[in-house]
Amino acid sequence: LHDSIVQQVFSIGMQAKSVGVLAARGESVPAASARRFADEVGTLTQAVLTDLRAMVHEFRPASLTQLGLEEAVRALAESATNRTGLTFSVLVGAGLDRLTPEMAEDVYRIIAEAIHNVVKHAEASEVTIRMGVRNYELAVTVTDDGKGIRRTRMQKGVPGDRYGLTSMKERAERWGGTVRVRQRSGAGTVVRAVVPLPALVPRSTHSQPGQHKEPTEDPTP
């Protein structure tokens, strides 16, 4: 989404520059060319506005504060379906009400970035999002049936953080959590975030941030 906006604005700039060059040379622009230019700029501008509205919804969802994480994620999935045709399944277990608003926002943005990666890179048709709390940990997975991410890219890293992995990891690490990305068995990619809820852990079993044990299975909705 972000790259798309940059490309569209760049195209608008190039169109304007070409007209400026003609004007500087004292050359007139044929009426047909002027109409074509206006149509192209109008189309690009409308595309930018559409993408910006989607971005605002993605990163500043009113439903997150009004209705909670589950409904915000469902709205995000519905928006992505309307834009791309992807089929989403959102499976939610118990315990999401235990998250603080700040933690819920970070989890939401991890999911949003994972969905953005699916749309831009995966060539997928179906996406499954699972969320739930088990053993005092929030576990979130975003699974797609696309072409998968090559292991070499994950090991060596991607110039410019093409997949937004740094942002996702930083948001999880803020709460002592982790984000891992792996190829799905068969086809596709799995993004898994695990965030401990230390305030809910009994003192005798409280673990330090970064030293928690991940659940052995995804949360059961």
Order the peptides 78-90, 13-25, 114-126 from the highest to the lowest mean number of other Cβ atoms within 10 Å of their residues.
114-126, 78-90, 13-25
Projecting the Cα atoms of 140, 92, 114 onto the charge dipole of segment 66-157, where Lys and Arg contribute +1 and Asp and Glu -1 at Cβ, the residue farthest towards the positive end is 114
Testing the spin-label approximation: label points 7 Å from Cα along Cα→Cβ at residue 21 and residue 7. State their distance in nm.
2.2 nm
Applying a 10 Å radius around every beta-carbon, put 128-135, 38-45 in order of their mean neighbour count, most first.
128-135, 38-45
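Rule-based calculations on the coordinates, nothing more; no lab input. Note that the structure is predicted; figures quoted are calculated from it, not measured. Every residue, glycine among them, receives a Cβ derived from its backbone with ideal geometry; neighbour counts consider all protein chains shown.
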